[in-house]
Amino acid sequence: MTQASWDRTLLSRSSAPTTTVTHDTGLLLLRLVVGLSMAGHGTMKLFGWFGGPGLTATGKGFTMAGYPAGDVMAVIASLSETLGGLGLALGLLTPLAGAALTGTFINILDVRGLSAYFPPKGVELEVVLFAAIIALTLTGPGRFSVDHHLPVLRENRPRYSLLALLLGAVVGFVVLLIRD
């Protein structure tokens, strides 16, 4: 075996994915907890489920926070959280789920303010959830997901993940620009 051939062999082995069942199970657990939490939070706003405020009260909250067309913003935010959370939980179109939740969290953090990190007025929980969403978007959903069975999402994941996060961030900041 020549040196060049040996180098190619080592390079191909070192760049191969090395996921294990425990790795994929850990991603599944994280996806389910974070994704279903976000979907539940979205349905609280959207339908008033789980003791949530529903769309009317959520729309008033958006108006009070300085967003134009508070009712429309309530629908957009509720759907972003619900559908993004479900997508994350299922591992379905994970980059798009991450984009929807990224835009949402940029606005959540801006509205909540960054003056305190720890409760009662801090953003500790929001930062942890946002970090988990970014991490899941970048790493991918793992083997136990719908995306695992979609070839286009198995290939080139880093490119799709980064583009989705960029899209979510741009949309999130554009929404902030229209806020009073």
How do the pairs read when you match residues in the stretch 45-66 that are in contact (Cβ under 8 Å) with a residue 40 or more places away in the chain with residues anywhere that are open to solvent by 30 Å² or more (accessible area, probe 1.4 Å) and not aromatic (Phe, Trp, Tyr), using Cβ under 6 Å and keeping only pairs 6 or more apart or on different chains?
Ala65/Val111; Gly66/Arg179; Gly66/Asp180
Could you check, for the stretch 100-112, whether at least one of its residues is closer than 28 Å to Thr25 by Cα, assigned to a loop (DSSP other than H, G, I, E, B) and not aromatic (Phe, Trp, Tyr)?
no
Checking Gly113 against (1) touching a Ser or Thr at 6+ places or on another chain (Cβ under 9 Å); (2) open to solvent by less than 50 Å² (accessible area, probe 1.4 Å): exactly one of these is not met. Which one?
(1)
Would you tally the residues in the stretch 46-97 being at positive phi and touching a Ser or Thr at 6+ places or on another chain (Cβ under 6 Å)?
1
Inspect all residues belonging to the stretch 71-82 and state whether any of them is of a type in the set (Ser, Thr, Tyr), open to solvent by less than 10 Å² (accessible area, probe 1.4 Å) and in contact (Cβ under 8 Å) with a residue 60 or more places away in the chain.
no
Among the residues listed as Phe130, Phe118, Phe144, the single one being touching a Phe, Trp or Tyr at 6+ places or on another chain (Cβ under 8 Å) and of a type in the set (Phe, Trp, Tyr)
Phe130
Scanning the stretch 19-67 residue by residue, those under 22 Å from the mean Cα position of the chain (by Cα) and of a type in the set (D, E, K, R) turn out to be Asp24, Arg31, Lys45
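Suppose the filter is in a helix (DSSP H, G or I), surrounded by 10 or more Cβ atoms within 10 Å (Cβ to Cβ), modelled with pLDDT under 95 and among the hydrophobic types (A, V, I, L, M, F, W, C); does Leu11 pass it?
Numbers: in a helix (DSSP H, G or I): yes; surrounded by 10 or more Cβ atoms within 10 Å (Cβ to Cβ): yes; modelled with pLDDT under 95: yes; among the hydrophobic types (A, V, I, L, M, F, W, C): yes.
Criteria met by Leu11.
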Tally the residues that are open to solvent by less than 20 Å² (accessible area, probe 1.4 Å) and not in a loop (DSSP other than H, G, I, E, B), restricting the search to the stretch 28-67.
11
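The values are calculated or read from the model by the stated rules, or taken from the named source; none is laboratory data. A quick note: this is a predicted structure, and the numbers were derived from the prediction, not measured. Glycine gets a Cβ as well: all are built from the backbone with ideal geometry, and neighbour counts include every protein chain shown. Protein only, heavy atoms only, side chains kept; ligands, DNA and RNA dropped before computing areas. Shrake-Rupley method; radii C 1.70, N 1.55, O 1.52, S 1.80 Å.
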